[in-house]
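Working notes, structure below.
The values are calculated or read from the model by the stated rules, or taken from the named source; none is laboratory data. Remember, it's a predicted structure, so these values are computed and weren't measured experimentally. Neighbour counts are summed over all protein chains in view; Cβ atoms, including those assigned to glycine, are modelled from backbone coordinates with ideal geometry. We work out accessible area using only protein heavy atoms, side chains counted, and drop any ligands, DNA or RNA first. Shrake-Rupley method; radii C 1.70, N 1.55, O 1.52, S 1.80 Å.
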Amino acid sequence: MPPVFRFAPSPNGLLHLGHAYSALLNFDRARETGGRLLLRIEDIDATRCRPEFEAAIYDDLAWLGIAWETPVRRQSEHLAAYRAALEKLSALGLVYPAFESRAEIARLVAARETAGPWPRDPDGAPLYPGDARSLSAGERGRLIASGVPYALRLDMAAACRRVAGLTWNELGEGPDGEHGIVAARPEAWGDVILARKETPTSYHLSVVVDDALQGISEVVRGQDLFHATSVHRLLQVLLDLPEPAYRHHVLILDEAGRKLSKSGRSTGLHELRADGAAPAGIRRLVGLG
């Protein structure tokens with residue numbers, strides 16, 4: 001079977017040079033290996049994702065000379081697949097509702113830090129500090145029935161007890177030069193969110209479901225997602241999904257050495273095109289010329 005690659009942007013803003021780099025790497029890998037390139041639109045966030053940004057993604061990628069297979073997979077059209085995965089994890093006793101708001105979580109973290117630093121995940125966010133795991137089934141049902149917002153979290157300790165010796169095959173390089181067989185540490189993320197009352201899936205859950213359903217064999221993406229691979233490998237094993245190889249690449253940074261954002265006009269493809277940039281010039285800018 002030919003290898004299958006994917007580029008999976010979110011239509012919550014215009015693409016920048018970092019997106020161009022990742023898309024071009026996937027496109028080039030597909031051509032070099034005789035593989036296929038799929039495009040996935042990660043549009044679960046209904047409040048931020050907009051049709052005009054999705055249209056701009058297609059336009060910018062076509063302008064770069066990137067070709068992809070159709071139809072494009074749009075996450076908002078496949079909610080049943082994420083719901084089924086969540087139900088499977090729930091049946092294993094690995095999912096629980098947590099009712100604290102973001103403000104309440106911040107207060108809990110501040111209270112705990114009076115006794116010392118509270119642990120944080122690889123992205124720097126504090127681990128979940130609440131005690132919703134200990135609520136009775138009756139109390140959980142009462143809170144849900146009353147309409148209290150909640151997040152569905154993975155019981156990380158229970159999940160990790162089910163899986164031993166978790167690794168992945170890194171074809172690229174992690175932030176500290178990691179390569180080859182990498183030991184996964186999903187516990188570093190704590191009880192991650194898998195869905196919310198108003199949002200039927202999270203990035204972690206939907207990405208592993210989508211990669212499996214689309215038959216992705218090699219995930220090519222930025223080093224900012226290197227550590228998240230630990231969570232993805234855990235979910236793949238728990239859900240009995242195939243394991244792709246991973247190829248994490250360096251990030252394109254701005255003049256101050258920061259990760260690019262969709263609000264950065266100097267690195268946005270739309271602005272660069274308006275200023276007369278050509279596709280070959282974009283390749284040179286990201287080091288692929």
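Rounded to the nearest 20, the size of the Cβ-charge dipole of the chain about its Cα centre is 360 debye, with Lys and Arg at +1 and Asp and Glu at -1.
Per residue, the accessible area of segment 84-143 comes to 58 Å², computed with a 1.4 Å probe over protein heavy atoms only.
Separation of segment 10-83 and segment 90-115 by C-alpha centroid, Å? One Cα centre to the other: 33 Å. Whenever you get a sec, compute what percent of the accessible area on segment 155-253 sits on carbon and sulfur atoms (1.4 Å probe). Result for segment 155-253: 52 percent of the exposed heavy-atom area is carbon or sulfur. Altogether, the Stokes-Einstein calculation at 25 °C and 0.890 mPa s, with the Kirkwood radius of the chain over Cα pairs as Rh, returns a diffusion coefficient of 120 µm²/s. Relative protection proxy for 127-136, 199-208, 172-181, from highest mean packing down: 199-208, 127-136, 172-181 (other beta-carbon atoms within 10 angstrom). Within the straight-line cut-off of under 16 Å between alpha carbons, none of the lysines are reachable from LYS88, sequence neighbours fewer than 8 places apart in one chain being disregarded. Taking every pair of alpha-carbon atoms in segment 6-132, what share in percent sits in each 5 Å bin, from 0 to the bin with the longest distance? Values per bin, smallest distances first: 2, 9, 13, 13, 13, 13, 13, 12, 7, 4, 1, 0.
If all Cα-Cα distances of segment 132-289 are sorted into 5 Å bins from 0 onward, what percent lands in each bin, rounded to whole numbers? Per 5 Å bin, starting at zero, the Cα-Cα P(r) for segment 132-289 comes out as 2, 7, 13, 15, 15, 14, 12, 9, 7, 3, 2, 1, 0 percent. Take every pair of alpha-carbon atoms less than 8 Å apart whose residues are at least six positions apart; their mean separation over the length of segment 50-196 yields a relative contact order of 24 percent. For segment 192-285, a simple Cβ point-charge model (Lys and Arg +1, Asp and Glu -1, everything else neutral) yields a dipole of about 260 debye relative to the Cα centre.
Placing +1 on each Lys and Arg Cβ and -1 on each Asp and Glu Cβ, with no other charges, gives segment 127-172 a dipole about its Cα centre of roughly 160 debye. With the largest listed first and rounded to whole Å, the semi-axes of the equivalent ellipsoid of segment 233-289 from the Cα gyration tensor are 33, 14, 12.
Taking the longest Cα principal axis of the chain as reference, the axis of helix 229-238 is set at about 60 degrees. Solvent-free Debye calculation, one equal scatterer per alpha-carbon of segment 120-220: log10 I(q)/I(0) at 0.13 Å⁻¹ equals -0.64. Over segment 234-289, accessible surface divided per residue gives 57 Å², non-protein components excluded, 1.4 Å probe.
Note that segment 204-216 has calculated 3J(HN,Hα) couplings of 4, 6, 5, 5, 6, 5, 5, 4, 5, 5, 8, x, 5 Hz, one per residue in order, obtained from phi through the Karplus relation 6.51 cos²θ - 1.76 cosθ + 1.60 (θ = phi - 60°); glycine and proline are x.
Here LYS259 is the anchor, and the aspartates and glutamates within straight C-alpha reach of less than 12 Å, apart from those fewer than 8 places off in the same chain, are ASP224.
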